[in-house]
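Rule-based calculations on the coordinates, nothing more; no lab input. If you're wondering where the values come from, they're calculated on a predicted model, not measured in any experiment. All Cβ positions, glycine included, derive from the backbone under ideal geometry; neighbour counts span all protein chains shown.
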Amino acid sequence: MSASTAAAPGTGRATRRPARRPGQRAADRRELRGALLFLSPWIVGFLVFTLWPVIYSGYLSLTDYDVLTDPEFVGLENYERMAQDPKVRLALWNTLYYTVLHVPLLVIVSLALALLLNQAGRSAGFFRTAFFLPKMTPPVAVGILLLLLFNGQNGLINTVLGWFGIDGPAWTTDPDWVKPGIVLMSLWAVGSSVIILLAALRGVPQELYDSAKVDGAGFWQRTTRITLPMISGTIFFIVVVNTIASFQTFTEAYTAFFGSGNTTYSNDAALFYVIYLFRQAFEFLDMGYASALAWLLFVIILVVTIVQLRVSKRFVFYEGEDR
């Protein structure tokens with residue numbers, strides 16, 4: 001059968017497709033060249049600033065490299081060192097603890113605020129802006145604000161708790177409370193998730209709610225049977241994106257507990273994985289070991305994301321999808 005023929009559906013007979021004219025093929029090539037021309041800044045940027053550094057870091061992870069001298073190939077020594085480094089295990093535990101606590105709380109708070117905004121009417125525009133503004137705060141400022149708000153002696157959080165007769169913990173010095181304090185502070189910037197969820201809520205057909213009300217469904221039933229299934233794809237997106245971001249959390253914790261060089265605070269309790277990686281690379285100039293740490297983080301995030309994608313098939317509903 002020639003390239004210009006194909007079997008007609010349900011008949012088994014070959015039908016002839018119209019041959020593409022030379023002029024049309026030339027137009028297609030010009031269109032492709034134009035598209036590549038417009039995409040070329042991104043393609044060049046991706047190749048130079050993303051793909052090449054990733055590949056080169058893989059090579060550096062097999063070397064002993066201190067920036068000042070040429071890399072010396074050492075094979076898998078950096079990975080063997082990681083397996084024996086107690087700081088790696090501590091940093092991974094701190095990061096996992098933060099992620100498991102941060103992501104569910106962020107989704108719950110964001111969804112609650114989005115549901116409220118969805119009922120706000122004309123004032124929704126003002127509140128959308130108000131919720132999103134903290135997202136514009138520089139992370140370094142958030143790290144400093146963390147120390148001011150969560151100071152165990154005269155911080156605002158413990159002062160407010162004291163009004164209700166609650167003796168607040170030492171958020172910044174007690175190892176048991178350092179990570180919960182950072183998690184609570186991270187909820188400062190849920191604005192972007194709120195906006196995304198609000199857009200998803202606005203896309204749920206009103207007819208579904210009207211039918212549910214006719215059937216006598218209350219608010220809780222409408223939320224669990226209609227709202228959550230209809231926006232489950234958006235919720236899943238927020239979970240995946242924020243899980244990846246949580247594994248890479250750095251700036252706020254580093255600013256609050258490491259940036260000033262102050263050893264008064266419980267630094268080990270705030271030693272997240274990327275902080276340990278950063279210190280190995282830029283404080284100790286152990287770039288080979290830092291590259292190996294980066295590749296371990298890449299593999300962990302990849303595995304976690306694949307697991308989330310597999311699990312999502314059971315819980316995420318996409319409109320028009322056959323079940």
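A few points about this structure:
- DSSP H segments from the chain that extend 24 Å or more along their own axis, Cα-based, with Kyte-Doolittle mean of -1.0 or above: 22-46, 86-118, 287-315
- Estimated at 0.36 nm per residue, the fully extended path between VAL44 and TRP188 surpasses their Cα-Cα distance by 48.2 nm.
- Set of the stretch 80-104 residues, backbone N closer than 16 Å to the point 7 Å along the Cα-Cβ line of VAL307: 92-104
- MRE, 222 nm, helices only [DSSP H, n ≥ 4, -39500 (n - 2.57), over the chain, to nearest 500]: -19500 deg cm²/dmol
- Ranked list, fewest to most other Cβ atoms within 10 Å of each Cβ, for TRP188, TRP52, TRP295: TRP52, TRP188, TRP295
- Dipole size of the chain about its Cα centre, with +1 on Lys/Arg Cβ and -1 on Asp/Glu Cβ: approximately 2180 debye, rounded to the nearest 20.
- Annotation: amide H of THR63 within the under-5 Å range of VAL74, sequence separation 5 or more or interchain, hydrogens built in the peptide plane.
- Listed peptides 204-215, 141-152 by packing density, highest first (mean Cβ within 10 Å): 141-152, 204-215
- Modelled this way, with points 7 Å down the Cα-to-C-beta line, the labels at TYR97 and ALA112 are 2.4 nm from one another.
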